[in-house]
1. Report, by residue number, each residue of segment 1-17 that is exposed (fewer than 13 other Cβ atoms within 10 Å of the Cβ) and of a type in the set (A, V, I, L, M, F, W, C).
2. Taking segment 8-61, which residues are closer than 16 Å to A114 by Cα and among the β-branched types (V, I, T)?
3. Can you run down the residue pairs with Cβ atoms below 7 Å, 6 or more apart or on separate chains, where the first is in segment 1-14 and in contact (Cβ under 8 Å) with a residue 12 or more places away in the chain and the partner is of a type in the set (D, E, K, R)?
4. Against the definition (part of a helix (DSSP H, G or I) and charged (D, E, K, R)), how does E145 come out, yes or no?
5. Of everything in segment 93-142 that's assigned to a loop (DSSP other than H, G, I, E, B) and among the hydroxyl-bearing types (S, T, Y), which residue is modelled with the highest pLDDT?
6. List the number of the failed condition for G56; all other conditions in (1) touching a helix residue (DSSP H, G or I) at 6+ places or on another chain (Cβ under 8 Å); (2) free of Cβ contacts under 8 Å to residues at least 24 places away in the same chain hold.
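The values are calculated or read from the model by the stated rules, or taken from the named source; none is laboratory data. Treat the numbers as computed from the prediction; the structure is a model and nothing was measured. Every residue, glycine as well, gets a Cβ built from its backbone with ideal geometry; the counts of neighbours run over all protein chains shown.
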Amino acid sequence: MIAAPHVKSNLNHADRKVIIDRIVDRLKDSVDEFDAIAISGYSMSLIGSTVAHLLGKNLILVRKSSDVRYSKLEVEGCPNQRYIIIDDMMETGSTIKNVVNKIETLLFDCVCVAVGMYYSRLTSLGREFCQENISSTVRVIDLTERAT
């Protein structure tokens, strides 16, 4: 398979099922705390849309500047939502920052309540980034393992 290491698991149906089941398992007990799942990028659409469906949640799609698209909209979803950002990993924080900035600017009255990474754990630097750039109250959820 030709794909970046963190994308390979999204493309393989068996691996993708494991990831989706793990995320749903981690989030199922907190479904009352959020209304939507926010995602950005093609690889996240493979995971996020299914997770949102299985949890009965809305989906907020934030397009990357580089995305080829047939819509002029950079953000699509419902306003007035508490949302969780799900992403595979955080290198620089630019994707998370982009998601929050676009939602706050273009999709009124939405609040980020949590950020979860499923490919690699969020480092302490990543946690600090989320608390400094999103909110000091944002929850960071480890989606790399099933709930205990």
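1. M1, I2, A3, A4, A14
2. Matches in segment 8-61: I23, V24, V31, I37, I39, V51, I60.
3. If the second residue must be of a type in the set (D, E, K, R), the pairs left are H6/D88; S9/D15; S9/R16; N10/R16.
4. no
5. Y118
6. (2)
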